[in-house]
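Working notes, structure below.
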Amino acid sequence: MNAYLKAFGQEKKIPIISDEGLSFLLKEIKQHQVKSVLEIGTAIGYSAIMMSDYVDSIITLEKDETMVELANKHILKSNLESKIKVVHTDAILYKPKGLFDLIFIDGPKAQYEKYFNYFSPYLSNKGIIICDNLNFHHLDKNKVSKGTKRLIEKLESFKLFLMNQEAFETKFTDEGDGMSLTRRKDAIFNNHL
Ligand SMILES: C[S@@+](CC[C@H](N)C(=O)[O-])C[C@H]1O[C@@H](n2cnc3c(N)ncnc32)[C@H](O)[C@@H]1O
């Protein structure tokens, strides 16, 4: 199923997490003993299905109806409907009811800062926030369309925003398409006691 999903995404040109990005994500899930996940951007359900072996529950938000249908089909086929809940919504309209050990931001790139501000209060004390595609395919912003250039600049300013957070510490990696991992500073401090 997983190889099928990856091939399906690639064939239909639906952006899904890269192999390297997925390895990073799963490594951090194991290291931080993540049990509950909130994902922004489901697409065909690939990353949610890949995470499901390591966690207890995943809520994943998707705006596009066709994607929701495809993701639900794949989740059902994998017998994961009790573990993965797809919510058909614009992410910013979703009101979480609890806290999450991992918030995985993989939706529209221009909205990352908005999502960080909106969802970070729902992070559990030792939880982590991971964002994907921060290098945006390593495109040279002087050789792309105006729209893409704006998007790259938004991602650059999002990285600065992350670096300047008083309550959070972020590390960046070039793995995958460029990813960030953010934790609360006070949780990090307590870890070292
Ligand atoms: C990069 S894809 C997600 C890939 C998926 N996480 C994976 O790796 O398998 C981003 C998804 O975000 C969805 N999306 C775009 N705008 C959204 C919004 N405002 N709220 C929720 N989802 C949105 C898109 O339809 C798209 O399916």
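The values are calculated or read from the model by the stated rules, or taken from the named source; none is laboratory data. If you're wondering where the values come from, they're calculated on a predicted model, not measured in any experiment. Virtual Cβ from ideal backbone geometry, glycine too; neighbours counted across all protein chains shown.
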* Can you tell me which residue within region 37-72, out of those that are assigned to a helix (DSSP H, G or I) and without any contact (Cβ under 8 Å) to a residue 12 or more places away in the chain, is surrounded by the most Cβ atoms within 10 Å (Cβ to Cβ)? => Glu69
* To do: Identify, from the list Asp132, Asp90, Asp101, the residue that is acidic (Asp, Glu) and farther than 25 Å from Lys171 by Cα.
  => Asp90
* Hey, does region 147-157 have a residue that's part of a loop (DSSP other than H, G, I, E, B), modelled with pLDDT under 95 and either among the aromatic types (Phe, Trp, Tyr) or surrounded by 15 or more Cβ atoms within 10 Å (Cβ to Cβ) (or both)? -> no
* Tell me, which residue of region 5-36 that is in contact with a Phe, Trp or Tyr (Cβ under 6 Å, 6 or more places away or on another chain) and not in a helix (DSSP H, G or I) is farthest from the ligand (Cβ to nearest atom)? -> Ser36
* Which number in (1) away from the ligand (no atom under 13 Å from the Cβ); (2) touching a Lys or Arg at 6+ places or on another chain (Cβ under 6 Å) marks the one condition that Ser52 misses? -> (1)
* Considering (1) away from the ligand (no atom under 16 Å from the Cβ); (2) without any contact (Cβ under 8 Å) to a residue 24 or more places away in the chain, say which one Ser120 fails and leave the rest. => (2)
* Evaluation of Ser120 against (1) under 20 Å from Gln10 (Cβ atoms); (2) crowded, with 16+ Cβ neighbours inside 10 Å; (3) of a type outside the set (A, V, I, L, M, F, W, C) (one fails), failing number -> (1)
* Cβ-Cβ below 9 Å, separation at least six or inter-chain, first residue in region 101-116 and without any contact (Cβ under 8 Å) to a residue 40 or more places away in the chain, second more than 11 Å from the ligand (Cβ to nearest atom): which pairs? -> Gln111/Lys154
* Structure fact -> Of the residues in region 73-95, those that are assigned to a loop (DSSP other than H, G, I, E, B), within 14 Å of the ligand (Cβ to nearest atom) and not polar (S, T, N, Q) come to Leu80, Asp90, Tyr94, Lys95
* To do: Could you list all residues from region 87-99 that are in contact with a Lys or Arg (Cβ under 9 Å, 6 or more places away or on another chain) and in contact (Cβ under 8 Å) with a residue 60 or more places away in the chain?
  => none
* Asked: If we scan region 164-181, do we find a residue that is outside any strand (DSSP E or B), without any contact (Cβ under 8 Å) to a residue 40 or more places away in the chain, of a type outside the set (Lys, Arg) and surrounded by 13 or more Cβ atoms within 10 Å (Cβ to Cβ)?
  -> yes
